[in-house]
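Note sheet for the following structure.
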Amino acid sequence: MSVALGEVVVTAHGIQKWFGPLHVLRGVDLEVREHETVGIIGRSGSGKTTLLRCINFMEEATVGRVKIRDIEVVADPLHSSSRAQQEQIRLLRLHAGMLFQEFNLFPHMTVLGNCIEAPMRVKKVPKAQAIETAEKFLTKVGLIEKRDEYPPRLSGGQKQRVAIARALTMEPDVLLFDEPTSALDPELVGEVIRVMEELAHEGTTMIVVTHEMSFCREAADRVIFIEEGVIVEEGPPEQILDDPHDERTRQFLRRFLSSNSDAIDAAAAAAPAAPALDAVRAANDASQGHG
């Protein structure tokens, strides 16, 4: 938000995705500019995650094309991919770092080992250079002191921060986040959100599927609401979250806020002696299944 937006980095055009008879994405068009942070919101099953996975071809769209920088791939799932297309997909993925709900760290490798593995194996970066880059990004996410620890000894929030550092070591053009805090205990959400907000303010290009409305309000340049595989509405966070134009967006936000409020009341009733902040955190945890 503090860095001027640059040229278009990501283009997804006419993205449609069928799973058997289920039409999950219905002709989605999306452009994301350099330094832009885009938050994608919507209820569970609306197509948010599928869109993210289609952007880096973890799922191949039924119809459509994706371009990241100068690498373009056209979906053609009815035919076997040629070697040339497989290479284009490989190059496309190098430009897009993906972060998941689960952390997908290698448990038998140290934090540092997790961060240097892909640069060395995939990009053929010399080990000394890979270590220097990894230490820079571990410092950025506040975990340089954990460089020699193994993932099973880390908290969920620390694991997700390591996953962010690992993605950054590949120096992608865009980071794709798939609900990165949904698997975390409520008290660990804040440390991950703070790192993501710092990245956004520094101009890292990000597409974030999230239920964290506070992140969208604080860090996103643009918020997109998806319903039934269609972009219903998009705009600045203050417009989408405070004054949406479409009734479907208003209904989603009313349900989300209502469920969050009910969860706060339930948490407070279940633990009346707990501090108010604990009740809010418990409520956030309870509300993860809504929207």
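The values are calculated or read from the model by the stated rules, or taken from the named source; none is laboratory data. Worth saying up front: this structure is predicted, and the values here are computed from it rather than measured. Here the Cβ positions follow ideal geometry from the backbone for every residue, glycine too, while neighbour counts run over all protein chains shown. The area values use the complete protein model at the heavy-atom level, side chains included, leaving out ligands, DNA and RNA. Shrake-Rupley method; radii C 1.70, N 1.55, O 1.52, S 1.80 Å.
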Determine which single condition R250 fails, assuming it passes every other condition in (1) open to solvent by 30 Å² or more (accessible area, probe 1.4 Å); (2) closer than 26 Å to R194 by Cα; (3) at pLDDT 95 or above. (2)
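Taking only the range 145-157 into account, find how many residues are open to solvent by 80 Å² or more (accessible area, probe 1.4 Å) and out of contact with any His (no Cβ under 8 Å at 6 or more places or on another chain). Give the steps one after another, and end with the answer.
Applying the first criterion (open to solvent by 80 Å² or more (accessible area, probe 1.4 Å)) to the range 145-157 yields 145, 148, 150, 152-153.
Among the residues that remain, those that are also out of contact with any His (no Cβ under 8 Å at 6 or more places or on another chain) are: 145, 148, 152-153.
Selection size over the range 145-157: 4.
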Does E171 meet the test of being open to solvent by 10 Å² or more (accessible area, probe 1.4 Å) and in a loop (DSSP other than H, G, I, E, B)? yes
Quick check on my filter: what residues within the range 89-144 are within 29 Å of V8 (Cα to Cα), in contact with a Phe, Trp or Tyr (Cβ under 8 Å, 6 or more places away or on another chain) and crowded, with 21+ Cβ neighbours inside 10 Å? L99, C115
Which listed residue is surrounded by 19 or more Cβ atoms within 10 Å (Cβ to Cβ), without any contact (Cβ under 8 Å) to a residue 60 or more places away in the chain, within 14 Å of D173 (Cβ to Cβ) and of a type outside the set (D, E), from V66, V32: V66
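When the residues of the range 212-234 are narrowed to those that are outside any strand (DSSP E or B) and open to solvent by less than 10 Å² (accessible area, probe 1.4 Å), which ends up nearest to S182 (Cα to Cα)? Quick ask: steps written out before the conclusion?
Of all residues in the range 212-234, those outside any strand (DSSP E or B) come to 212-221, 228-229.
The next check asks that each one be open to solvent by less than 10 Å² (accessible area, probe 1.4 Å); those that pass are 215-216, 219-220, 229.
Values: F215: 13, C216: 15, A219: 18, A220: 18, G229: 21 Å.
Selected residue: F215.
Considering each residue of the range 73-88, count those that are out of contact with any Ser or Thr (no Cβ under 8 Å at 6 or more places or on another chain) and either open to solvent by 50 Å² or more (accessible area, probe 1.4 Å) or under 30 Å from P152 (Cα atoms) (or both), and give that number. Spell out the reasoning first.
Going through the range 73-88, the residues out of contact with any Ser or Thr (no Cβ under 8 Å at 6 or more places or on another chain) turn out to be 73-74, 76, 78-88.
The next check asks that each one be either open to solvent by 50 Å² or more (accessible area, probe 1.4 Å) or under 30 Å from P152 (Cα atoms) (or both); those that pass are 74, 76, 78-80, 82-84, 86-88.
So the count comes out to 11.
In the range 220-252, which residues are charged (D, E, K, R) and touching a residue at least 24 places away in the same chain (Cβ under 8 Å)?
D221, R222, E227, E228
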Any residue at all in the range 235-258 that's under 27 Å from E59 (Cα atoms), in a helix (DSSP H, G or I) and among the hydrophobic types (A, V, I, L, M, F, W, C)? yes
